[in-house]
Amino acid sequence: MLRRMEQGDPQAADELLPLVYDELRKLAAAKMARESGGQTLQATALVHEAWLRLGGDEQPAWQNRAHFFGAAAEAMRRILVERARRRRARRHGGGLERVDVDDPALGIAAPATDDQELLAVHETLELLARHDARKAELVKLRYFAGLTIEEAAGVLGVAVPTAKRDWTYARAWLFKEINRSRHG
């Protein structure tokens with residue numbers, strides 16, 4: 001199907017979405033389950049927005065499954081980072097948590113630390129990509145797209161033990177860099 005799209009077959013993109021939709025939806029649902037309680041974006045909306053950013057019905061020439069899912073993970077990452085930045089913007093309530101105004105236990109809003117973590121990972125991920133692109137891709141697939149280590153290894157075309165070593169290294173590297181940037 002990817003070759004048909006590359007050759008300009010207009011029906012190939014229409015056939016691609018149903019084939020990958022369930023898998024993208026599962027990845028988005030896993031990612032959204034780890035988001036803060038104030039998150040208003042639903043997994044279905046995340047998949048649809050990512051699909052549109054990938055080109056919608058005018059899909060680019062994907063080289064293979066890894067290329068497609070890598071791009072999908074990157075699109076989801078950018079969408080979530082943009083939403084986190086918007087929520088943190090002062091004009092949108094800064095770091096305040098969304099609350100239901102009808103809730104009788106309405107209290108002072110608490111800071112949304114998940115947005116802070118997401119943005120810290122995003123910013124530090126750029127440094128990791130310059131240091132080791134494959135490990136940065138693995139983080140995108142695991143953290144932003146919600147793939148398991150086995151799924152991410154398959155997308156990257158590496159053995160599972162290699163992916164596990166890369167994941168351990170990347171997490172430690174990101175932790176160290178995030179702490180260094182927070183504490184000067």
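Taking R0 as 35 Å, what's the FRET efficiency between HIS67 and ILE178 from their Cβ-Cβ distance, rounded to 0.05?
The formula returns an efficiency of 0.75 here.
Just the projected area, averaged over all directions, of the convex hull on the alpha carbon atoms of region 131-184: how many nm²?
Hull-based average projected area comes out at 3.6 nm².
Where a Cα-Cα gap under 19 Å defines reach, which lysines qualify for LYS26, not counting those fewer than 8 residues away within the same chain?
In chain and number order, the partners are LYS140.
Give a residue-ordered list of calculated ³J(HN,Hα) values for region 134-144 (Karplus: 6.51 cos²θ - 1.76 cosθ + 1.60, θ = phi - 60°; whole Hz; x for Gly, Pro).
Each residue of region 134-144 in turn: 5, 5, 5, 4, 4, 4, 4, 5, 7, 7, 8 Hz.
Roughly how many Å² of ARG88 are accessible to a 1.4 Å probe, to the nearest 10?
For ARG88, solvent-accessible area is about 110 Å².
Per residue of region 64-79, what does 6.51 cos²θ - 1.76 cosθ + 1.60 with θ = phi - 60° give for ³J(HN,Hα)? Whole Hz please, x for Gly and Pro, Karplus curve as stated.
6, 4, 4, 4, 4, 6, x, 5, 5, 4, 5, 5, 5, 4, 5, 4
The values are calculated or read from the model by the stated rules, or taken from the named source; none is laboratory data. Please read all numbers here as calculations on a predicted model, not as lab measurements. Every residue, glycine as well, gets a Cβ built from its backbone with ideal geometry; the counts of neighbours run over all protein chains shown. Keep in mind that these areas ignore ligands, DNA and RNA; they rest on the heavy atoms of the full protein, side chains included. Shrake-Rupley method; radii C 1.70, N 1.55, O 1.52, S 1.80 Å.
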